[in-house]
Structures are given as C-alpha cells and as structure tokens.
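The values are calculated or read from the model by the stated rules, or taken from the named source; none is laboratory data. Because the structure is a prediction, the values reported are computed rather than measured. Every residue, glycine as well, gets a Cβ built from its backbone with ideal geometry; the counts of neighbours run over all protein chains shown. These accessible areas exclude ligands, DNA and RNA; they are computed on the full protein's heavy atoms, side chains included. Shrake-Rupley method; radii C 1.70, N 1.55, O 1.52, S 1.80 Å.
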Amino acid sequence: MPVKTSLKSCKKQHGFTLFELVVVVLLVGVFMIFAIDRMLRIQIAAERVSVQQTVAALKSAISLQTAEFVLSQGLASIETLNNTNPMNYLQELPYNYIGLKNYHQASQYPSASWYYDPQLKVLVYTVKNGNSFVSSVAGTPRIRLKIDMVYQGEVRREDKIRGVSLQSIDDYFWKYD
C-alpha cells in the first residue's frame, strides 16, 4: 500500500535554520571559554599544591634528619646540615627532580622541575605556569629554597643553635588562589 504524503507535511520536516545553528555555535564557544579558563585554574592549583606538598615533605625529612643528628652527635652537629641539598634527606625523590644543575643554564631545564645548584647551595623549582606566579626574583619564574640554621637570639654561635629550617630565599605567591 503506497504511503501518501502531503505537501504540507513535507514542508514541516526540515533541518536547523541558520539562526539556530549560529546560536548553538555561540553557546558551544562560550562553554569552551569557561571550560578552558577552569582547566587553567585547576592546572595552576595542581602545580601550587604539588610544590607545597614537596616542600612539606622536605621540611619533615629535614626535621627527622635533625633529630637523628641531635640524638647521635649532639645539638652542635646539626650545623653540618646547613647549606646542604634538602633532597638528600627524602626517602624517595620527587619524579620531577632533575639532580644537580647550574643556575646559569636554567633556561634549558624543563619547567615544573626541581634541581639543586651546588654552587649557590640552593634548591630551585622552575614554575610551569609563570603567568600565574609572582616572585621578587627577576628572570625565569622559580622558587629558591635553602637549609639554614635557626639561632637563639641574633648571635650566630654554635652554642646558640635552636634548629634547622628550610626557608624560601625570595618572596612569592600564586595568582588564582
């Protein structure tokens, strides 16, 4: 039995109008802009948290090493920790630690990596998302840390040692917190 279609029903079956297509494309574009911005903020937050976690692990490892030195050799022995590579005290190195490097070649090192400069005696993290990072140091966006002695009062004498600290050399902060 043949199917009869009327001219009226054929006209109702059509695709998108140009206006509807433009609206859909615009909406998808707006959603993509928001999604990309959100992904960038998540990426920045992930890098910031990763750095904070590594620094916290380093501080814990240094505290344990300090306690071991004090118990075995006395308080004055912790002065040997001064200006050493903090990564030496971690049980497991971070995946992005690239070892001993010279700062003068820092532009050649991958971003989002840690390295220790034995000449300057500084642990350095090269920031991946430099546009979201503000530091008081000029040049390549980076965080510089070092082990330093903590003394009782202003006198820096062996008998006035209170402990060891991992300190940032430069002031810094992350945008988009």
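Observations on the structure shown:
- Taking a ≥ b ≥ c as the square roots of the eigenvalues of the Cα gyration tensor, the chain is prolate, since a/c reaches 1.5 or more and a/b is larger than b/c.
- Among 30-37, 98-105, the order from most to least packed when residues are scored by Cβ within 10 Å on average: 98-105, 30-37
- The stretch 83-130: C-alpha gyration tensor shape, a/c 1.5 cut-off, then a/b vs b/c: oblate
- Portion, in percent, of the accessible area of the stretch 73-171 that falls on carbon or sulfur, probe 1.4 Å: 44 percent
- For the chain, the relative contact order comes to 19 percent (Cα pairs under 8 Å, sequence separation of at least 6).
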